[in-house]
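**Student:** Have a look at the structure that comes next, please.
The values are calculated or read from the model by the stated rules, or taken from the named source; none is laboratory data. Being a predicted model, the structure only gives us computed values, none of them experimental. Glycine also receives a Cβ, built like all others from the backbone with ideal geometry; neighbour counts cover every protein chain displayed. Accessible surface areas use protein heavy atoms only, side chains included; no ligands, DNA or RNA. Shrake-Rupley method; radii C 1.70, N 1.55, O 1.52, S 1.80 Å.
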Amino acid sequence: MTQQLSPSQESPYQVRLVIRRAEIAEAPPSYQAQWAEGDGQISQPFTLKPPLTTEDAVDLKWYLEEYAEFVGAGTKVRAVEVEQKISEWGRALFDAIFHTVEGNNVYRNILQAEEWGRPVLLTIGTTEPDVLGQPWELMRDRQGPLAFRGVSIRRQLTGSKPTRVLELRLPVRLLLIVSRPTDTDFIDPRTSVRPLLDGLDLLPKGSVEIEFCEPPTLGELEERISKARRARRPFHIVHFDGHGTYLSRLGVGALCFENKDRRVDYVTGERLGDLMARLEVPVAILEACRTAEVSDKPVFGSVAPALLNSGVGSVVAFSHAVHIEAAKLLVERFYRRLVEGMTVGQALAEGRTRLRAVPGRWLTLGPNPPTVDLQDWFVPQLYQVGQDLGLIGGDVELGPVGEGETAPVLVRGWVERLRGFPPEPNYRFHGRAKELLELGRIFQEHNAVVVSGMGGMGKTALSREAAAWWLRLGRFEQAVFCSFEQVQSVERAVQVLGQAIEGLDFARRPAEDQRATAVEMFRGRRVLLVWDNFESTLAKFQ
């Protein structure tokens, strides 16, 4: 392996490490590894020993999944010890694959690529659970983790064949599954969806199409993807936002979809993979815990490997339970970089960088909550076969954005379609996420909902937030607010609705025509009409 890089080369420096179990039966098993560079050169095999032990995995799992829930004097001491081990593990992982002469040559090429600003694609190719479960993203030399220096690290199943390269062009089509079963821990649906939409809003109007899988059942997913295929408008990305779990007794990973009763439906990787096998989806984003976790059982039982084996080109998944704030930061940075033209691997690497730069994870809900710094940037993993593709070409003109990640992004006019509503609360809307989700579910089955309660409980604020959020999601074309506190008449409601949809020309219509026209427009358009203080029309309030 003597490949020499050239500064003029623009394509990524690609190198693959193929790892297989040794034929001699041992406990613990030993592995043989070989380097393969992009030009076809293959190294001599060498012995590889996965550095992290079972005890290390237990410590890491505790740190990532339990520490933030029980922060105290004693746990802080243990957390510091684990964080020190994280650096040690990173060096051990580095030494495990670069300790040979040929490994040193590969490392030298990586340093040259870094010096010239050329990206690096490092592939770990194996089907061995012990190897796939190692946190390779932690690899570090004296200068720090390789993952922050232009090195995209991905996992690939040995023997997997590249999927058919689809013609990826605008508009980007995304199918979003937001699953919140009633018998699992609740997560605010807006937490990750909002930054996802903010990232995609950078694209010009008409260059992205988002469809929500509602209800979030496996049957609905199949129906929507099949319909898109029949229309020859397939989805580029299927994004699952919800809970994931790992059924350790079975050695099988699962996503928590909803069933018809809105309770949890555990969809295993194999079950979902069977569905995805014929759908040719280029990218799957599994924003759920433990979707990349593997055990000593056959690796294809895990969700991410199962989807990769089914034919999905790229799968982004999490090796452990992930904090809600971390998921939000990752999604925001990942989609922003994706729409800027980066490949899936490069965009995910940028997401990890964001997690490293902003380590604070809140401990309680509410304003100004206490936080704890957590090193969880290596939890998101990339499983990929074939090329590391970008979904968007570099010639796409992006929308305006200011400095920093918190800068306002291009808004698609949904605020202007929020007619007559009170302004947003001074410190934004907080809480009532469950009520907001329940309102949305009721509207999927009914055309009218009554929100009742004592005065001052926030009914109007909740209705305003619901209208704004549903406009943001594209469920309605228009949202209209009509208060009966001062004027209690049908004519008032008709005029507010008509002018919101048709404009000022509506007032020029004859009085007898206004009501019929307003009713016709209301029935023929996706319009949300909020009647506030409707009890004022009752006789006892006159």
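**Student:** Quick check on segment 412-516: what are the equivalent-ellipsoid semi-axes from the Cα gyration tensor, as sqrt(5λ), descending, whole Å?
**Tutor:** Each semi-axis is the square root of five times an eigenvalue, giving 26, 16, 14 Å.
**Student:** Another question about this same structure. Can you compute the modelled spin-label distance between R526 and R441, with each label point 7 Å from Cα toward Cβ, in nm?
**Tutor:** 2.1
**Student:** Where only protein heavy atoms count, and the probe is 1.4 Å, what is the accessible area per residue for the chain in Å²? Write down the numbers at each step before the final one.
**Tutor:** Values: 26500 Å² over 542 residues.
On a per-residue basis, 49 Å².
**Student:** Here's a follow-up. Can you give me the pair-distance distribution of the chain, C-alpha pairs, 10 Å bins, whole percents?
**Tutor:** 3, 16, 26, 24, 16, 8, 5, 2, 1, 0
**Student:** Another one. Per 10 Å bin, what is the whole-percent P(r) computed from every C-alpha pair distance within segment 218-364?
**Tutor:** Spelled out per bin, shortest first, that is 11, 38, 37, 13, 1.
**Student:** Output needed: percent of Cα pairs per 10 Å distance bin for segment 474-542, bins running from 0 to the one holding the longest distance.
**Tutor:** P(r) over segment 474-542, rounded to whole percents: 20, 48, 27, 4.
**Student:** Quick one: net charge of L374's neighbours, Cβ under 13 Å, K/R +1, D/E -1? Display every interim value, and only then the final one.
**Tutor:** On the way: positive: K76, R356, R361; negative: E65, E66, E69, E83, E325, D373, D376.
Result for the neighbourhood of L374: -4.
**Student:** Rank S536, M521, L471 by how far each Cα sits towards the positive end of the charge dipole of segment 462-541 (+1 on Lys, Arg Cβ; -1 on Asp, Glu Cβ) and give me just the farthest.
**Tutor:** L471
**Student:** Compute the convex hull volume of the Cα atoms of segment 97-236, divide it by the residue count, and report the result per residue in Å³ as a whole number.
**Tutor:** That works out to 217 Å³ per residue.
**Student:** Could I ask something else about it? If I compute solvent accessible area with a 1.4 Å probe over the protein chains, what percent of it on the chain is carbon and sulfur?
**Tutor:** Taking all protein chains in place, the chain shows 51 percent carbon and sulfur surface.
**Student:** Using the crude model of +1 on Lys and Arg Cβ and -1 on Asp and Glu Cβ, and no other charge, please compute the dipole size for the chain relative to its Cα centre, in debye to 20. Don't skip to the answer; put the middle values down first.
**Tutor:** Values: 65 positive and 71 negative charges, 186 e Å.
Value, rounded to 20: 900 debye.
**Student:** So, counting K/R as plus one and D/E as minus one, what does the shell of residues with Cβ under 12 Å around F522 add up to?
**Tutor:** Around F522, the surrounding residues sum to +1.
**Student:** Can you give me the distance in nm between label points at T364 and T537, each placed 7 Å from the Cα along the Cα-to-Cβ direction?
**Tutor:** Computed distance between label sites T364 and T537 equals 4.4 nm.
**Student:** In addition: Taking R0 as 41 Å, what FRET efficiency do you get between R263 and R492 from their Cβ-Cβ distance, rounded to the nearest 0.05?
**Tutor:** With R0 = 41 Å, the Cβ-Cβ based efficiency is 0.45.
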